[in-house]
Amino acid sequence: MSGLAQFLLLGPFFHEGQIVPSPKLYHYLPGTTQEKTAWMDRGKAITAANPIEGDANGLVYGYFSGVYKLVVKTHDGTVTLFQADGVQILDTVDDNVQPTVRPEDHDGEASSSVDNTDPILASLADLPAAGGTMVLGPGDYLFSGTINQRDRHIIYQGAGKGVTFLTLTASSNLLHGIIGTGSITLRDLTLRTQSPRLTDLQMWAVRLDLDGTGISGGRTLSLERVELSGWNAGAYCDGGSAYGIERATIELSTITLGGAATGYVGGGVGLNRCQSAAVLRNHIDQNHTGDHAVYCFGSRELTIVGNRIENADQSEGQGIKVVGNGVSSTQSYDRWTISRNIIDTCCHAILAGTYGTELLRLLEVGQNVAKNIDGSASSVVGDLLTIAPTATSIIEEATVRDNFFSELGSQAIHVTGDGKIRELIVDGVRGAGWSRRSTRTYSLLGTSSNAVVVDKYRAKNIHVDGDGDGRNIWNVNAFGGYGSEDIGSLEYDYDSCSEEGTDPVLGNFIPNIEPSVATPDLRFGRKYILTNPGAQNVTGFESMIPGQEYEFLVTDGNTTLKEGSNLRMAANVDWNPADTDVFKCRAKTATTAVESGRSDNT
């Protein structure tokens with residue numbers, strides 16, 4: 001439809017034989033008393049008041065677009081002069097106005113005594129091949145079979161969520177709500193089963209599956225102000241290998257699933273292999289039925305923002321899972337954004353991963369709240385966030401900013417896989433209580449890998465309370481330990497971070513230097529405790545960042561810093577620091593350094 005509105009003139013109105021001056025025209029959503037926008041000009045630049053006041057001659061007018069409930073009353077509002085519901089007002093000058101149909105065109109009815117399956121299908125068949133709009137008024141349209149719109153592009157326009165109902169009365173394996181290979185749009189309605197599913201029948205509310213069709217574009221999926229209730233799974237689409245879905249959006253909707261209490265039934269939202277996909281400001285209740293509440297794979301651009309997600313707490317279920325397109329995929333993706341979501345009572349909160357030789361340019365995870373996340377008993381992951389680039393895939397940059405958590409089973413942020421994150425920035429974490437599943441076993445941050453999974457790991461602005469269960473924010477072993485290759489380098493800002501309620505015996509806030517080694521590895525930040533179990537000469541360091549200064553807090557007298565080509569000491573003289581001394585050096589290269597300061601407290 002166009003961006004233009006249609007002029008409508010009503011009147012003149014009379015009451016008791018007399019013209020009614022200044023009548024008032026009220027404009028609402030169909031079947032409600034909720035205002036629907038009208039305008040005072042065709043281009044929709046000036047929004048009309050509600051009510052619109054008429055003139056002295058009993059005439060009242062405005063510009064409208066869509067389906068309305070219209071009521072005209074006397075100026076004082078005491079007498080109703082005109083009322084009509086379901087009035088369709090479209091700009092007839094616009095050649096692009098879509099044709100409309102209603103189930104009532106084929107004896108359908110929004111009542112408890114009529115099966116609307118055939119009337120709905122017959123009405124859809126009346127539309128041209130390009131499709132059109134199915135107008136659904138207030139009431140409950142019962143249907144007993146899948147609504148297959150085939151390859152038509154269809155808009156299902158209701159009178160409001162909780163006002164217009166499409167209710168499936170039957171229950172059978174793979175009996176869905178609305179399916180097709182053309183664009184599907186649902187607005188302002190409730191699509192439900194007559195009673196919530198109690199078993200896994202793989203019944204989807206909405207399913208636009210282009211896999212294997214060869215369709216390469218021109219399709220969209222859109223749900224706006226929609227309620228999906230009682231199904232095994234909610235809204236699903238797959239653009240197929242040709243990425244035939246250009247845009248998929250689920251917005252301002254409520255999804256509550258039904259099904260078995262164990263196993264994997266189906267997700268609340270699955271937007272897969274779309275050119276652009278968005279899940280915005282919804283309430284998704286997985287209802288303890290397993291699988292992931294939001295599970296999206298292979299979309300080139302993905303935005304998941306402002307949702308409340310809960311009860312994806314069976315087995316390995318994530319609140320949000322976003323991944324690439326399969327184990328051997330070569331796809332590239334621009335940006336995945338996951339922000340401002342509340343994730344409550346799930347097995348894991350957020351997982352993001354890539355496969356094959358895939359490339360993800362930017363992963364953004366920010367301002368999410370994760371609480372009551374049990375974690376898996378079979379593996380250690382980040383119960384707030386797990387990032388998993390597998391095979392030889394690459395994530396160029398991952399930013400994790402200003403997230404909050406409470407009550408996690410194991411770690412908060414975990415990175416794993418054989419792929420690579422070029423740079424990971426963790427800037428802002430607050431919360432309390434982690435490692436609940438195994439007290440004081442897991443640090444807040446951690447990795448597990450067989451290779452360098454993060455080239456540069458930067459962490460700052462972390463303020464957390466272990467609440468008697470959590471180990472420290474990080475420790476060397478959490479990133480693989482000395483001699484491992486989990487991270488290329490760590491930049492940890494001690495001044496901006498704090499922790500309480502943790503056990504320093506299990507993991508030091510400042511790490512010990514690699515012990516009993518002549519050239520200790522300094523990949524774990526720029527501040528260390530200098531301690532050795534016995535006498536040890538140190539002739540230099542490894543994995544330094546050129547230009548950075550490193551600081552060592554001495555706790556015993558077992559280490560001798562040896563003057564040489566890789567470690568240039570003041571006055572070219574060795575130094576054997578004692579307990580409480582401090583040593584500093586500045587890196588010239590990754591393996592050579594010059595003393596930059598010392599504090600001899602003996």
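The values are calculated or read from the model by the stated rules, or taken from the named source; none is laboratory data. What you see is a predicted model, and the numbers here were worked out from it, not measured in a lab. Cβ atoms come from the backbone with ideal geometry, glycine included; neighbour counts cover every protein chain shown. The accessibility values were calculated without ligands, DNA or RNA, using every heavy atom of the protein model including side chains. Shrake-Rupley method; radii C 1.70, N 1.55, O 1.52, S 1.80 Å.
ILE250 - would you say it is outside any loop (DSSP other than H, G, I, E, B), over 28 Å from ALA125 (Cα atoms) and either among the small types (Gly, Ala, Ser) or out of contact with any helix residue (DSSP H, G or I) (no Cβ under 9 Å at 6 or more places or on another chain) (or both)? When the stated conditions are applied, ILE250 does not pass them.
Within the range 38-91, being over 15 Å from LEU8 (Cβ atoms), hydroxyl-bearing (Ser, Thr, Tyr), open to solvent by 50 Å² or more (accessible area, probe 1.4 Å) and out of contact with any Lys or Arg (no Cβ under 7 Å at 6 or more places or on another chain) holds for THR47, THR78. Of all the criteria given as (1) under 23 Å from GLY470 (Cβ atoms); (2) in a loop (DSSP other than H, G, I, E, B), the one not satisfied by VAL400 is (2). For the range 344-396, give me each residue that is over 14 Å from VAL426 (Cβ atoms), touching a Leu at 6+ places or on another chain (Cβ under 9 Å) and of a type in the set (Ser, Thr, Tyr). The answer is THR354, SER393. Consider the range 312-328 and keep the residues that are at pLDDT 95 or above and part of a loop (DSSP other than H, G, I, E, B). The one that is surrounded by the fewest Cβ atoms within 10 Å (Cβ to Cβ) is ASN325. Any residue at all in the range 395-404 that is closer than 17 Å to ALA478 by Cα, touching a residue at least 40 places away in the same chain (Cβ under 8 Å) and of a type outside the set (Lys, Arg)? Taking every residue of the range 395-404 in turn, none turns out to be closer than 17 Å to ALA478 by Cα, touching a residue at least 40 places away in the same chain (Cβ under 8 Å) and of a type outside the set (Lys, Arg). Checked against the criterion of being of a type in the set (A, V, I, L, M, F, W, C) and over 30 Å from LEU127 (Cα atoms), the candidates VAL67, VAL71, VAL101 yield just one match: VAL71.
Looking across the range 352-370, just one residue is open to solvent by 10 Å² or more (accessible area, probe 1.4 Å), β-branched (Val, Ile, Thr) and under 16 Å from the mean Cα position of the chain (by Cα), and that is VAL369. Please enumerate the residues belonging to the range 193-210 that are open to solvent by 40 Å² or more (accessible area, probe 1.4 Å), free of Cβ contacts under 8 Å to residues at least 60 places away in the same chain and under 25 Å from the mean Cα position of the chain (by Cα). ARG207, ASP209, listed by residue number.
Does LEU228 qualify as being in contact with a Cys (Cβ under 8 Å, 6 or more places away or on another chain), surrounded by 22 or more Cβ atoms within 10 Å (Cβ to Cβ) and of a type outside the set (D, E, K, R)? Answer is no for this residue. Please state which one of THR390, THR416, THR447 is in contact (Cβ under 8 Å) with a residue 24 or more places away in the chain and either closer than 22 Å to TYR494 by Cα or in contact with a helix residue (DSSP H, G or I) (Cβ under 8 Å, 6 or more places away or on another chain) (or both). Exactly one residue qualifies, and that residue is THR447. The one condition from (1) open to solvent by 40 Å² or more (accessible area, probe 1.4 Å); (2) at pLDDT 95 or above; (3) closer than 28 Å to THR439 by Cα that LEU506 does not meet is (2).
Within the range 221-236, the only residue that satisfies the criterion of being within 15 Å of SER299 (Cβ to Cβ) and either in a loop (DSSP other than H, G, I, E, B) or in contact (Cβ under 8 Å) with a residue 40 or more places away in the chain (or both) is LEU221. In the range 516-553, what residues are assigned to a strand (DSSP E or B), surrounded by fewer than 16 Cβ atoms within 10 Å (Cβ to Cβ) and either among the hydrophobic types (A, V, I, L, M, F, W, C) or on the phi > 0 side of the Ramachandran plot (or both)? ILE529, the sole residue that qualifies. The residues of the range 149-192 that are more than 17 Å from LEU221 (Cβ to Cβ), open to solvent by less than 10 Å² (accessible area, probe 1.4 Å) and part of a strand (DSSP E or B), listed by number, are THR164, THR167, LEU168, THR190. For the range 441-480, a tally of residues being surrounded by fewer than 18 Cβ atoms within 10 Å (Cβ to Cβ) and on the phi > 0 side of the Ramachandran plot returns 3. Determine if the range 15-32 includes at least one residue that is without any contact (Cβ under 8 Å) to a residue 40 or more places away in the chain and under 39 Å from the mean Cα position of the chain (by Cα). No, that holds for no residue.
Okay, residues lined up against (1) part of a loop (DSSP other than H, G, I, E, B); (2) under 48 Å from the mean Cα position of the chain (by Cα); (3) among the hydrophobic types (A, V, I, L, M, F, W, C); (4) farther than 28 Å from THR133 by Cβ:
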| position | (1), (2), (3), (4) |
| --- | --- |
| ASP55 | yes, no, no, yes |
| TYR61 | no, yes, no, no |
| ASP76 | yes, no, no, yes |
| LEU81 | no, no, yes, yes |
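THR386 passes every criterion in (1) assigned to a strand (DSSP E or B); (2) open to solvent by 30 Å² or more (accessible area, probe 1.4 Å); (3) more than 22 Å from ILE245 (Cβ to Cβ); (4) polar (S, T, N, Q) apart from (2).
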